[in-house]
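Read the structure below first, then the notes.
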Amino acid sequence: MEIKGLAEKLVRKYGTRDPFKIAEALGYIVLYTPLVGVRGFYQYLKRCHIIYLDPGLDEATARFVCAHELGHSLLHRGLNRIFMDTRTFLVSSRYETEADQFAADLLYDDYDLQDLLTFPVATAAASMGVSEELATYRLQTVQPTLCPELWE
């Protein structure tokens, strides 16, 4: 299943775009603990899904990081990024990009992004609180809606 399709399936199933509510519904544990060098990470330990978040994150960043870590848990089961980064020569950036895309797809509804389609990417990125690269990805996946006022 494509990344956006997976995010939309979760939104339909749980009736929310809130990654904390989705994590709770999935039975995940979300822990706030001081972290060094990362804003958050995902761990599967003894049949428990755990998302660790740094307590110093502002609310919007915590939502994005939680959604990002949900992405890792659903898209990259069985992968240990920390091990990959420190013990192998494999490139983990692909997995980070996919987790970011999942987070953007989960957090931002197509309908809510319609107005941003007419703005420069830098403006849209600033409005969404994401990088220009991620805003470009997300805006390219928006399905334009037909405006009822155009039918009149």
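Within 10 Å, count the other beta carbons around each residue, average over each peptide in 16-26, 36-46, 102-112, and list them highest first.
Values: 16-26: 17.1, 36-46: 13.1, 102-112: 20.7.
Final packing ranking: 102-112, 16-26, 36-46.
Show me the ranking of peptides 136-144, 61-69 by mean Cβ neighbours inside 10 Å, starting with the highest. Don't skip to the answer; put the middle values down first.
Details: 136-144: 15.0, 61-69: 22.9.
Packing order, densest peptide first, comes out as 61-69, 136-144.
Every number here is computed from the coordinates shown, using simple stated rules; none is lab data. The structure presented is a predicted model; accordingly, all values stated were derived computationally and were not measured. Quick reminder, even Gly has a Cβ in these numbers, built from the backbone with ideal geometry, and neighbours come from all protein chains shown.
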